[in-house]
Amino acid sequence: LVRLLTLFGALFVIGGTALFWWLFIDPITVTLVSVTRGSAAEVVYATGVVEPVTWAKVAPLARKRLIATCTCEGRLVKAGDEIARQDSSLEQAALDELLARREKLENDLRRASELLGRNVAAATAVEQASTALKEIDARVTAAREALDDLILRAPIDGTVLREDFSAGEIIGTGDVIFWIGQPRPLQITADVNEDDIARVKAGQKVLLRHEGFLADPLNATVKRVTPKGDPATKTFRVHLALPDDTPLLIGMSVEANIITDERQDTLLVPAEALSDGQVYSVTKGRLQKKAVTTG
């Protein structure tokens, strides 16, 4: 009997301790919020980079030493303006050699034509000299084009947005030396997950976020969706048009929320309050489950 009483006493103490702990020391905390009315939106999240609508990269066609640049960041240039030059000493020497050979072949053709006119030389000699001159002319044209390729020119009218190399550096075909474009209008090139792309359409409103401009709302509009996605990243490229007065700068990365659906004057509760189509409401200090319809 003593052992039984002792056991019951121990269980009573343990149970009382557990009850005290549950009620007073580690209670379940419930945060209450009021149901409100307002606007709700369904969005597709994306990240992107601010770019000019019209712009071009300038890169060399050959790996050579850069001997001169315009050092013209921020300046306006016209299509065809020289903005950089690579070392062309070898190409110039090759062209000079071809021009010297052309001069000799031209003299040979002139002499052969004169001899043919006096019936001293055969017509085949003139034909051979003429063919050789045509061949050297083609080589001279190619050499001049190779020489001209070492002069980097602006591909479009615009502002030099960025210049990355200086005279004296060796640059190759993969090195972009200049970014040239129109400062306005701007756009955002964003990547959208392939699971969400079916909901994105041209004309939809976009809310933007950038840590440098948290005080003012940033807006954009879906301009177009690239028809083919990237199977490696499982994303589609979407172009978002920015207004002319946007404070965003070229090269900034932004977060974009594309509004795919919107409701006005609707009941709002936090998403965390929903569970399996139900919410908890408080009535006279007690929690009660209530079924709700979302959408």
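The values are calculated or read from the model by the stated rules, or taken from the named source; none is laboratory data. Worth saying up front: this structure is predicted, and the values here are computed from it rather than measured. No Cβ is skipped: glycine too gets one built from the backbone with ideal geometry, and neighbour counts run over all protein chains shown. For the accessible areas, the whole protein counts, side chains as well, though only heavy atoms, and no ligand, DNA or RNA atoms are used. Shrake-Rupley method; radii C 1.70, N 1.55, O 1.52, S 1.80 Å.
In this entry, Thr235 passes the filter for residues that are open to solvent by 20 Å² or more (accessible area, probe 1.4 Å), under 19 Å from the mean Cα position of the chain (by Cα) and either in contact (Cβ under 8 Å) with a residue 40 or more places away in the chain or more than 30 Å from Glu42 (Cβ to Cβ) (or both). Cβ-Cβ distances below 6 Å connect the following pairs, each with a first residue in region 180-205 that is in contact (Cβ under 8 Å) with a residue 24 or more places away in the chain, a second residue that is of a type in the set (Lys, Arg), and a separation of six or more residues or different chains: Glu194/Lys234. Filtering region 238-249 to residues that are assigned to a loop (DSSP other than H, G, I, E, B) and surrounded by 10 or more Cβ atoms within 10 Å (Cβ to Cβ) leaves Leu242, Pro243, Thr246, Pro247, Leu248, Leu249. Screening Leu214 with (1) hydrophobic (A, V, I, L, M, F, W, C); (2) in contact with a Leu (Cβ under 7 Å, 6 or more places away or on another chain); (3) open to solvent by 40 Å² or more (accessible area, probe 1.4 Å) gives one miss only, at (2).
Quick one: is Ala215 assigned to a loop (DSSP other than H, G, I, E, B), of a type in the set (Gly, Ala, Ser) and farther than 24 Å from Ala59 by Cβ? So Ala215 fits the description; yes.
Checked against (1) at pLDDT below 95; (2) over 30 Å from Asp157 (Cα atoms); (3) aliphatic (A, V, I, L, M); (4) within 15 Å of the chain's Cα centre (by Cα), Val192 passes all but a single condition, namely (1). When the residues of region 250-269 are filtered to those that are out of contact with any Ser or Thr (no Cβ under 9 Å at 6 or more places or on another chain), open to solvent by 40 Å² or more (accessible area, probe 1.4 Å) and not hydrophobic (A, V, I, L, M, F, W, C), which remaining residue is farthest from Leu240 (Cα to Cα)? Only one residue fits best here, namely Asp261.
Restricted to region 39-49, and to residues there that are more than 30 Å from Ala84 (Cα to Cα) and open to solvent by 20 Å² or more (accessible area, probe 1.4 Å), the residue that is nearest to the chain's Cα centre (by Cα) is Thr47.
When region 273-295 is filtered for residues that are assigned to a strand (DSSP E or B), hydrophobic (A, V, I, L, M, F, W, C) and either open to solvent by 90 Å² or more (accessible area, probe 1.4 Å) or touching a residue at least 24 places away in the same chain (Cβ under 8 Å) (or both), the ones remaining, listed by number, are Val282, Leu287.
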